[in-house]
Amino acid sequence: MDDLFEEEKQQQKTLIEAGLDEWRITQLYQRDIAMKKVDEAHEHVKKNWQLEKAQRIKPSLWWQQVAQAQATQTASTDTPALSKLSADGKAWFIHPVAMIDYFNIDTTLWHEPLENPQRTKYNSLGYKKEFNGAFGFVRNGGAKSHAGLDIFADINTPCYACLDGKVEGYIAEVKDKNDKGIGYGNVLILKVKGEDLRNSRNDTVLEFPDDGEIEQAKDFNINADYFYLRYCHLSTKRTDLNVGDMVKSGDLIGYTGDTGNAEHVVNPHLHFEIAMNPISNRSTAYDPQTNKLGYKINPAFFVNLQPIDEDEQTKVKERRKEEEEARKKREEQAKKEKEAKAKQQRTKQK
């Protein structure tokens, strides 16, 4: 039986290695993660098989002798007869691999930051540019970098902890002298174990390499002990959640918004980052746009992005556009009224 298990495992490893080759996944740590999952799944099934054999198969082989022996004894009224514990008392056998589809076992704790995560279809000006929210040198023809993944999310969409971790920080929105949001707005930072993140890597490949998307910053180290998940542009965090609190994968942690430099954009989104530091993730070794990506990795290798719902995103874009136009009209009207009032005051003074 052990030979059967080993043979099955080796066959599956051969198939997986062929798949990795086909997808051109050559980095050793990525291939090691895939092989580790095979070993974990194999051990899981093997343990289940040992329990099955001990608890059901082995006893059933002796069913006839046990039933005959019991028939000669007087059983107490509150003890069920062994002959009634099985439908037919027949011995049976099951192939261990047929017990469970063990290559579909969930071996990680990963939970998506949003339900049904999908890329933003539009940029902030309303043009169709899926690569605009990707990680890398994806803006202004490669002249400008983007240090996270923009995941479409209408305002106040629930956000979830992707892994078990600790709330490392919460940065409140900062505004300029004109009361305009700057930077990433409200940011929640979650500290997670390095091993948990490494085990959560998916099998995606770069979607927009020709448009500047890259895998990671030059100074990012996947073997770090801890990483930091950064949820940006939030409207607010969960009210009872405080810095230092521990959360479990899948816990509600906050709600999306348009704070910071995403204020009033027609493509509301969660800007999601995976970094080596809670803050100050800019490098100083390269040019400004490369430095901006410092110590970060492309979140698309962990977030399991779903197909873009263009109808939904278009509907939200048009609504946001109308809301922005109405807001500007109100501001213009308020400005005119203020100027008229000031003019009246000056006339009275004369």
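The values are calculated or read from the model by the stated rules, or taken from the named source; none is laboratory data. All of these numbers come straight from a predicted model, not from anything done at the bench. Quick reminder, even Gly has a Cβ in these numbers, built from the backbone with ideal geometry, and neighbours come from all protein chains shown. The accessibility values were calculated without ligands, DNA or RNA, using every heavy atom of the protein model including side chains. Shrake-Rupley method; radii C 1.70, N 1.55, O 1.52, S 1.80 Å.
Brief remarks follow.
- Long-range amide H partners of residue 254 with built H, under 5 Å: 159, 238
- Taken over the C-alpha atoms, segment 267-330 has Rg and Dmax values of 17.4, 47 angstrom.
- Percent of alpha-carbon pairs separated by more than 16 Å within segment 297-340: 63 percent
- Accessible area of segment 242-283 belonging to carbon and sulfur atoms, whole % at 1.4 Å probe: 51 percent
- Cα-Cα separations in segment 114-227 greater than 24 Å, expressed as whole percent: 38 percent
- Ranked packing of 170-179, 190-199, most packed first, by mean Cβ within 10 Å: 190-199, 170-179
- Dimensions (Å) - segment 212-350, Cα atoms, principal axes, largest first: 74, 39, 39
- Residue-count net charge about residue 140 - beta-carbon cut-off 12 Å; Lys, Arg +1, Asp, Glu -1: +2
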